[in-house]
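Novice: One structure is given below, represented as structure tokens, and several questions about it will come after.
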Amino acid sequence: MSRSDDRVEVRAQDTDGARGAPIPRRRLLEIEDLRTQFRTHRGMVRAVDGVSFTLDRGRTLGIVGESGSGKTVLARSIMGLLPKRNVVRTGAVRYEGIDLLTTSPEQVRDLWGAEMAMIFQDPMTSLNPVQRVSAQITEGMRHHLRMDRKTADATALALLREVGIPEPKRRLRQYPHELSGGMRQRVMIAVALACGPKLLFADEPTTALDVTVQAQILNLLQREQRERDMAMILVTHDLGVVAGRADEIAVMYAGQLVEKAPTASLFANVRMPYTEALLRSIPVLDAPSHTRLQAIPGRPPDLVDPPSACRFAERCPYVRDRCRAEPPPLLEGEPGHFYRCWYPVGLSSPVTLRSQPTSGNSGGVR
Amino acid sequence: MPEPLAEQPLDAAVLVPSDVAAVVQAVEASPTRKLGFMGWFSVCWLVCIIGAAVLAPILPLDDPDETFPGLQRQPPVQPGHLLGGDASGHDMLSRVIFGARTSLLVGFGAILLGWVVGGLLGLMAGYFKGRADTVLSTGFNVLLSIPALVLALSLVAVFASSDQNASNTRRIVVLIIALGIVSIPVLGRITRASTLSWSEREFVKAAQVIGARPRRIIFREVLPNVLPAMMSIALLGIAVVIVAEGALSLLGVGVTGVPTWGNMILDGYSQLSELPHLVFIPSIAIFLTVLSLNYLGDIVRARFDVRESVL
Amino acid sequence: MNLARALGKRLLALALVLFLVTLFTAALISMTPGDPVDLLVPLAESDNPEIQQTVQEQKDAVREDLGLDEPFPVRYAHWLGDFVQGDFGKYYRTNATDPVGDKIKSALPVSLQLMVYAQILALVVAIPLGVVTAYRAGSRFDRATNASAFGLLSIPNFVLGLFLAYYVGVFLGWLPNEGYRHPSDGLVEHFRYMALPTITLAAAQIAVYMRLLRSDMVQTLQEDFIQMARSKGISDRRVLWRHALRPSSITLLTVSGLNVGTLIGGALVVERIFSLPGVGRAIFDAINGRQYVALQSFVAVLAILFVMVNFTVDVLYTVIDPRIRHARATS
């Protein structure tokens, strides 16, 4: 796998201004029926249970779900950042055509940092507390790009400026605990971007931050992505985070994809009752005071032995008999809009299994 | 038409279920929930040896001080003498069991002393804090500043060995007290640390607010929670003391006159080449006892130390 | 600067502890049942009035020497003054009195060598084992190593010493089982004679350190920043040694410092078994010879050594973990 040097050119050329405009790009990632299972003393936990999608360069995919939906495990499964023992992955994860599940761990590790990088949720615990900022940034560069100390330090300085940290020279010498939460997250972003990856995973990048800082960080991510023409997978439980910043949103529940659509379509024509419930549960600022927040009753199913029918049936307000009997497949109802429901929201007639659904320019189907 | 979503107050909202990320982390761990083979072995051995020691006088054993002609220097498995004889013709089996009596007495006695005194002081230091804590902690630190064996050695040397006429009982008592004094600060510190953290809990504050007297709070609210930590250290401590008894014997300040595991090893040391069983037998006895105590102490600690069990 | 203040507080605590410890050791001699002078000057039972006279004079001389008639605070002050100047008292033997200081000068280095070698050996063996078993937690290698470690630390050090001395030293004859060779007489010989004692003393520590490090490493390896380090694509070895080891080594450092007390105690026993002319042997001889003055001094020297080591460990803490340095400086 060659590391192309045409990144600089791409930056100037292919910037896509209008979100959602269908300019063809190079396919970066193809996920096909990915399943990840953990061996525990209670049995095999099916954390990711058959997920498929594709991602092109320069595009952002938002993966939304509650805790335990498998969204974090999905991100880590794609990258391969899982424990070595007691974990089983099946399916295919094709990065630039090569299936990562069949490559050796050493070769996959060579990709980390240089081709794909991850930003973690809590910058306080994700940065090495006893390593200076400069060392954290330059470590990857010196490993992958074989930079010498001086060049690496200079690049680190430039990176800190790029992510908007004031007094970058001073910050380089400091330790993570000397920085504020927002700055730590910026440092983490700098670390992730250091070797110029093509694919960026952002795992709840703003959850641990103050609300005021969240928007700044998200804007920063968006800007960096655009300038570097990276693909980004944005994992979050907060629909508000992905609302204006993702090209496509995939909703996960109990290890499965339950809805996937371009952002505008998702919000305009929500189909899956779970997604609808998620949308409804966002507090609205200008609602009258003391409005009760709407929550989804019940709990997600056990991942060791998930229900054989629709996994959301227990908590779905529209549940019917068929939901408890047959598992709904992920179908493409409208072009580009997939959902997994027998009685989708907003459609008067129930879905019937017809011919093979069309596969558009994105997504496999389950 | 579909029914509207149920409306519920926020606190009945979607709770955090088993976070799969946590599964990623917890998968590596496999804490022992039950007593494995090793655990049962430890319990059995301890029951046997303690039982034998306690019941020794009424068991069908030979008198440990009696010498049997022809038994001198005989290796184990002789007719009537399962473990052979020592240099003077004593029966090794009875010596090792009577030796258990004294060695275990020293072990349990010293730790009991340390437990009661150290535990009490630790509870006080941890509960009342402030001045009492400073004084007690400094006391602990001073005692801990002298290497344990050296402290025990000097105490025993000064109080018992110096007196040629000291009786066996006196020596044993001095030994117990000396080793007890050495273990006081260890137990005291652990108890203090545990008490400190438990005293901050709300149920203690609640009891204080009600007006319960400190003594009642300490003994009924705090102590039961502190007990597991103390238990674990006590078990490990008994093992340490038993070994210390052996070390002190080898250093010349141990008990004389009655057999202990320590002085049996001392006696047999010089004949290690010809009669290895003289050293082997008490050594194995100590080893098994220490092993069992260590193992059980570890299990108790793993069970009750929150940090470890999450792992 | 606040860091200096924190250090100052610690020095004050150190002084207090040293004071109390020396107070205790100075009082040892008064704690013997009976008159200490009778112990030091062997009673020569005789009806001969001349001999009785001589004995009495000797006793009086000793009594004055030790200041036993003075009130305790005065005696302590004298003792402390002498001690600080290097006068550690005397041996009172039938024919001569030798200064204890000479003995300390010759014995202490031997004991220190033994303890230092044992500590180094223990760390050198335990750290890699701890790292590897943590990395492969749950594997057969890990379980086997853990079980062995557990067994090893349950063996009393004197038992191990006796067996090594006999079976390796005498029976197999690979290494000498008693005696000491000074380094200036040949390093190789020096280490050959120190080998079995060092191994004996280090054995239990290896087990303890290894388990300790493994436990901390296993926890550290589950932390987020380790995942982050891995995600940069650097090698697992680098993640282990450069990222995971340092935060995990704090407990190990503390324990190895506190362990000096166990090492000192263990050294006493090991020296006895392998006939090393260290402080342990000196103490043994002093007890046997009822030389309580000498005993006092030995105990004091060992205690002070221990206190100083603990103090150094405490200060070193700050260097290892910048968070603690920061916390102490701002507290």
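The values are calculated or read from the model by the stated rules, or taken from the named source; none is laboratory data. These numbers come from a predicted model, not from an experiment. A quick note on method: Cβ atoms are made from the backbone with ideal geometry, for glycine too, and the neighbour counts reach across all protein chains shown. The accessibility values were calculated without ligands, DNA or RNA, using every heavy atom of the protein model including side chains. Shrake-Rupley method; radii C 1.70, N 1.55, O 1.52, S 1.80 Å.
Novice: Looking only at segment A:118-140, filter to residues that are modelled with pLDDT of 90 or more, in contact with a Phe, Trp or Tyr (Cβ under 8 Å, 6 or more places away or on another chain) and more than 7 Å from chain C (Cβ to nearest Cβ); which one of those is nearest to A:Ala202 (Cα to Cα)?
Specialist: Across segment A:118-140, the extreme among qualifying residues is A:Ile119.
Novice: Please go through segment B:247-275 and give me each residue that is buried (at least 23 other Cβ atoms within 10 Å of the Cβ) and either in a loop (DSSP other than H, G, I, E, B) or more than 11 Å from chain C (Cβ to nearest Cβ) (or both), ordered by number.
Specialist: B:Leu251, B:Val253, B:Gly254, B:Val255, B:Pro259, B:Thr260, B:Asn263, B:Met264
Novice: Looking at segment A:324-339 only, could you name the residues that are surrounded by 21 or more Cβ atoms within 10 Å (Cβ to Cβ) and assigned to a loop (DSSP other than H, G, I, E, B)?
Specialist: Across segment A:324-339, the qualifying residues are A:Pro328, A:Leu330.
Novice: Taking only segment A:269-301 into account, find how many residues are more than 14 Å from every other protein chain (Cβ to nearest Cβ) and within 14 Å of A:Pro344 (Cα to Cα).
Specialist: Count: 1.
Novice: Of all residues in segment C:179-212 being open to solvent by less than 40 Å² (accessible area, probe 1.4 Å) and of a type in the set (Gly, Ala, Ser), which is modelled with the lowest pLDDT?
Specialist: Among residues in segment C:179-212 that are open to solvent by less than 40 Å² (accessible area, probe 1.4 Å) and of a type in the set (Gly, Ala, Ser), the one modelled with the lowest pLDDT is C:Gly179.
Novice: Taking segment C:297-321, which residues are surrounded by fewer than 20 Cβ atoms within 10 Å (Cβ to Cβ), over 15 Å from the mean Cα position of the chain (by Cα) and not hydrophobic (A, V, I, L, M, F, W, C)?
Specialist: Correct list: C:Asp314, C:Tyr317, C:Thr318, C:Asp321.
Novice: Follow-up question, since we're still on this one. Criterion first (facing another protein chain (nearest Cβ under 9 Å) and open to solvent by 30 Å² or more (accessible area, probe 1.4 Å)) does A:Arg85 satisfy it?
Specialist: Yes.
Novice: Test C:Ser111 against the criterion of being within 29 Å of C:Gly289 (Cβ to Cβ) and open to solvent by less than 50 Å² (accessible area, probe 1.4 Å), and give yes or no.
Specialist: Yes; evaluated as a whole, the condition is true for this residue.
Novice: Six or more apart or on different chains, Cβ under 8 Å: which pairs go from a residue in segment B:166-180 that's more than 13 Å from B:Leu112 (Cβ to Cβ) to one that's among the acidic types (Asp, Glu) and buried (at least 21 other Cβ atoms within 10 Å of the Cβ)? Could you list them?
Specialist: Pairs that qualify, where the first residue is more than 13 Å from B:Leu112 (Cβ to Cβ) and the partner is among the acidic types (Asp, Glu) and buried (at least 21 other Cβ atoms within 10 Å of the Cβ), are B:Leu175/B:Glu245.
Novice: Only one residue in B:Val150, B:Val116 is open to solvent by 50 Å² or more (accessible area, probe 1.4 Å) and of a type outside the set (Asp, Glu). Which one?
Specialist: Testing whether each residue is open to solvent by 50 Å² or more (accessible area, probe 1.4 Å) and of a type outside the set (Asp, Glu) leaves just B:Val116.
Novice: For the condition within 25 Å of A:Ala47 (Cβ to Cβ) and out of contact with any Lys or Arg (no Cβ under 7 Å at 6 or more places or on another chain), what is the one hit in A:Leu221, A:Leu239? Write out each step before concluding.
Specialist: On the way: A:Leu221 fails: within 25 Å of A:Ala47 (Cβ to Cβ).
Only one candidate passes the filter, namely A:Leu239.
Novice: Scan segment C:166-178 for residues that are surrounded by 12 or more Cβ atoms within 10 Å (Cβ to Cβ), at pLDDT below 85 and of a type outside the set (S, T, N, Q) and jot them down.
Specialist: C:Tyr166, C:Tyr167, C:Gly169, C:Val170, C:Phe171, C:Trp174, C:Leu175, C:Pro176, C:Glu178
Novice: Would you point out the residue of segment C:280-296, among those that are touching a residue at least 12 places away in the same chain (Cβ under 8 Å) and more than 14 Å from B:Val158 (Cβ to Cβ), that is surrounded by the fewest Cβ atoms within 10 Å (Cβ to Cβ)?
Specialist: Restricting to residues being touching a residue at least 12 places away in the same chain (Cβ under 8 Å) and more than 14 Å from B:Val158 (Cβ to Cβ), the top hit is C:Gly289.
Novice: If a residue has to be within 19 Å of A:Thr275 (Cβ to Cβ), crowded, with 24+ Cβ neighbours inside 10 Å and not aliphatic (A, V, I, L, M) to count, how many in segment A:23-71 make the cut?
Specialist: Count: 7.
Novice: Is it the case that some residue within segment A:148-162 is in a loop (DSSP other than H, G, I, E, B), farther than 21 Å from A:Val235 by Cβ and not acidic (Asp, Glu)?
Specialist: Scanning segment A:148-162 turns up no residue that is in a loop (DSSP other than H, G, I, E, B), farther than 21 Å from A:Val235 by Cβ and not acidic (Asp, Glu).
Novice: From the list A:Gly50, A:Gly70, A:Gly58, which residue is on the phi > 0 side of the Ramachandran plot and at the interface with another protein chain (Cβ under 9 Å from one of its Cβ atoms)?
Specialist: Being on the phi > 0 side of the Ramachandran plot and at the interface with another protein chain (Cβ under 9 Å from one of its Cβ atoms) holds for just one of A:Gly50, A:Gly70, A:Gly58, which is A:Gly70.
Novice: Kindly state which helices (runs of 4 or more DSSP H) lie completely within segment B:106-212 and contain at least 1 residues that are basic (Lys, Arg).
Specialist: Once the helices (runs of 4 or more DSSP H) in segment B:106-212 are filtered for at least 1 residues that are basic (Lys, Arg), what remains is B:130-145, B:168-199, B:202-210.
Novice: Could you check, for segment A:227-240, whether at least one of its residues is assigned to a helix (DSSP H, G or I), open to solvent by 10 Å² or more (accessible area, probe 1.4 Å) and free of Cβ contacts under 8 Å to residues at least 60 places away in the same chain?
Specialist: Initial filter on segment A:227-240 (assigned to a helix (DSSP H, G or I)): A:227-228, A:239-240.
Narrowing further to those that are open to solvent by 10 Å² or more (accessible area, probe 1.4 Å): A:227-228, A:240.
If we keep only those that are free of Cβ contacts under 8 Å to residues at least 60 places away in the same chain as well, we get A:240.
The answer is yes; a qualifying residue exists.
Novice: While we're on this one: What residue, of B:Leu235, B:Leu278, is in contact with an Asp or Glu (Cβ under 8 Å, 6 or more places away or on another chain), open to solvent by less than 40 Å² (accessible area, probe 1.4 Å), of a type in the set (A, V, I, L, M, F, W, C) and in a helix (DSSP H, G or I)?
Specialist: B:Leu278
Novice: Here's something else I'd like to know. So, restricting to helices (runs of 4 or more DSSP H) that lie completely within segment C:128-230, which ones have at least 1 residues that are within 14 Å of chain B (Cβ to nearest Cβ) and more than 23 Å from the chain's Cα centre (by Cα)? Don't jump to the end; show me each part of the working.
Specialist: On the way: elements: C:140-154, C:157-163, C:187-220.
Ranges flagged: C:140-154, C:187-220.
Novice: May I pose another question? Looking at segment C:93-105, is at least one residue without any contact (Cβ under 8 Å) to a residue 12 or more places away in the chain, assigned to a helix (DSSP H, G or I) and more than 27 Å from the chain's Cα centre (by Cα)? Steps first, answer last, please.
Specialist: The initial filter retains those residues of segment C:93-105 that are without any contact (Cβ under 8 Å) to a residue 12 or more places away in the chain, namely C:95-98, C:102, C:105.
Those left that are additionally assigned to a helix (DSSP H, G or I): C:102, C:105.
The next check asks that each one be more than 27 Å from the chain's Cα centre (by Cα); those that pass are none.
No: zero hits.
Novice: Quick one: which residue in A:Arg292, A:Arg280 is open to solvent by 30 Å² or more (accessible area, probe 1.4 Å), without any contact (Cβ under 8 Å) to a residue 24 or more places away in the chain and assigned to a helix (DSSP H, G or I)?
Specialist: Being open to solvent by 30 Å² or more (accessible area, probe 1.4 Å), without any contact (Cβ under 8 Å) to a residue 24 or more places away in the chain and assigned to a helix (DSSP H, G or I) holds for just one of A:Arg292, A:Arg280, which is A:Arg280.
Novice: Quick one: C:Lys232 ticks every box in (1) open to solvent by 20 Å² or more (accessible area, probe 1.4 Å); (2) within 15 Å of A:Gln131 (Cα to Cα); (3) of a type in the set (Lys, Arg); (4) free of Cβ contacts under 8 Å to residues at least 60 places away in the same chain except a single one, so which number is it?
Specialist: It fails just one condition, (1).
Novice: Checking B:Leu83 against (1) closer than 25 Å to B:Val243 by Cα; (2) without any contact (Cβ under 8 Å) to a residue 60 or more places away in the chain; (3) buried (at least 19 other Cβ atoms within 10 Å of the Cβ); (4) over 21 Å from the mean Cα position of the chain (by Cα), which single condition isn't satisfied?
Specialist: Only one criterion in (1) closer than 25 Å to B:Val243 by Cα; (2) without any contact (Cβ under 8 Å) to a residue 60 or more places away in the chain; (3) buried (at least 19 other Cβ atoms within 10 Å of the Cβ); (4) over 21 Å from the mean Cα position of the chain (by Cα) is unmet by B:Leu83, namely (2).
Novice: Within segment C:260-279, count every residue that is at the interface with another protein chain (Cβ under 10 Å from one of its Cβ atoms), farther than 20 Å from C:Phe163 by Cα and touching a residue at least 60 places away in the same chain (Cβ under 8 Å).
Specialist: Number satisfying all stated conditions: 3.
Novice: Still on this structure, please answer the following. Please name all residue pairs, on different chains or six or more residues apart, with Cβ atoms under 9 Å, provided the first residue is in segment B:232-245 and is closer than 13 Å to B:Trp261 by Cβ and at pLDDT below 90 and the second residue is open to solvent by less than 10 Å² (accessible area, probe 1.4 Å) and assigned to a helix (DSSP H, G or I).
Specialist: none
Novice: Give segment A:88-117 a look and list any residue that's part of a loop (DSSP other than H, G, I, E, B), within 11 Å of chain C (Cβ to nearest Cβ) and out of contact with any Gly (no Cβ under 8 Å at 6 or more places or on another chain), or say none.
Specialist: Answer for segment A:88-117, where residues must be part of a loop (DSSP other than H, G, I, E, B), within 11 Å of chain C (Cβ to nearest Cβ) and out of contact with any Gly (no Cβ under 8 Å at 6 or more places or on another chain): just A:Glu115.
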